[in-house]
1. Within segment 70-79, is there a residue that is under 26 Å from residue 180 (Cα atoms), surrounded by fewer than 16 Cβ atoms within 10 Å (Cβ to Cβ) and touching a helix residue (DSSP H, G or I) at 6+ places or on another chain (Cβ under 8 Å)?
2. Which numbered condition trips up residue 44, out of (1) surrounded by fewer than 22 Cβ atoms within 10 Å (Cβ to Cβ); (2) touching a residue at least 12 places away in the same chain (Cβ under 8 Å); (3) within 12 Å of residue 88 (Cα to Cα)?
3. May I ask you to say which residue of 38, 27, 32 is surrounded by fewer than 21 Cβ atoms within 10 Å (Cβ to Cβ), at pLDDT 95 or above, within 15 Å of the chain's Cα centre (by Cα) and under 18 Å from residue 119 (Cβ atoms)?
4. Taking segment 100-123 as the region of interest, how many residues are in a loop (DSSP other than H, G, I, E, B) and loosely packed, with under 12 Cβ neighbours inside 10 Å?
5. Would a scan of segment 146-163 turn up a residue that is in a helix (DSSP H, G or I) and buried (at least 16 other Cβ atoms within 10 Å of the Cβ)?
6. In segment 2-37, what count of residues is obtained for those that are under 18 Å from residue 72 (Cβ atoms) and in a helix (DSSP H, G or I)?
7. Would you mind telling me which numbered condition in (1) touching a helix residue (DSSP H, G or I) at 6+ places or on another chain (Cβ under 9 Å); (2) under 26 Å from residue 150 (Cβ atoms); (3) part of a helix (DSSP H, G or I) residue 44 fails?
């Protein structure tokens with residue numbers, strides 16, 4: 001795994017298309033119990049070279065019910081976005097992850113993780129990539145049990161999505177407690 005992570009962190013395949021240049025951000029170990037799969041690091045993550053150390057990450061950690069020490073331990077959580085570099089800004093939120101990254105690296109990393117880790121699919125991009133269905137995010141999240149035990153689907157915790165969580169209060173009331181329970185069980189294994 002260490003050799004693969006080193007290779008990924010040196011990748012510059014998408015450099016010409018990235019407004020801030022290549023800075024692949026990934027964290028994993030062969031022992032990772034949970035794999036967090038999202039779209040791509042944001043600008044703040046790019047600047048800090050640390051994923052989820054921003055308002056989205058604070059909210060994600062709250063949803064998962066974990067502290068920073070637990071979250072950033074790669075034996076607990078692998079951080080495996082579809083794109084490892086900040087793709088740039090769109091009108092609302094960030095641009096989609098570069099299409100070259102996931103097919104090149106995702107399976108290679110997953111193959112190096114022992115056992116059958118829980119994959120938390122964060123947001124529409126990762127859910128479409130892994131589930132290959134035509135459902136909308138809200139439908140998937142409402143029916144999260146259909147994807148267990150291998151996957152847990154959640155919306156992206158970005159402040160840009162605050163209207164989704166306001167419109168769908170059942171997510172934080174009913175599903176987040178289940179998410180915390182599932183995460184807690186996996187971490188204790």
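1. Within segment 70-79 (the criterion being under 26 Å from residue 180 (Cα atoms), surrounded by fewer than 16 Cβ atoms within 10 Å (Cβ to Cβ) and touching a helix residue (DSSP H, G or I) at 6+ places or on another chain (Cβ under 8 Å)), the answer is yes, since at least one residue qualifies.
2. The single condition residue 44 does not satisfy is (2).
3. Of 38, 27, 32, the one residue that is surrounded by fewer than 21 Cβ atoms within 10 Å (Cβ to Cβ), at pLDDT 95 or above, within 15 Å of the chain's Cα centre (by Cα) and under 18 Å from residue 119 (Cβ atoms) is 27.
4. Result for segment 100-123: 3.
5. Yes; the residues of segment 146-163 include at least one that is in a helix (DSSP H, G or I) and buried (at least 16 other Cβ atoms within 10 Å of the Cβ).
6. Total meeting the criteria: 4.
7. Among (1) touching a helix residue (DSSP H, G or I) at 6+ places or on another chain (Cβ under 9 Å); (2) under 26 Å from residue 150 (Cβ atoms); (3) part of a helix (DSSP H, G or I), the lone unmet condition for residue 44 is (2).
The values are calculated or read from the model by the stated rules, or taken from the named source; none is laboratory data. Predicted, not measured: the structure shown is a model, and the values here were computed from it. Cβ sites come from the backbone with ideal geometry, for glycine too, and all protein chains shown count toward neighbours.
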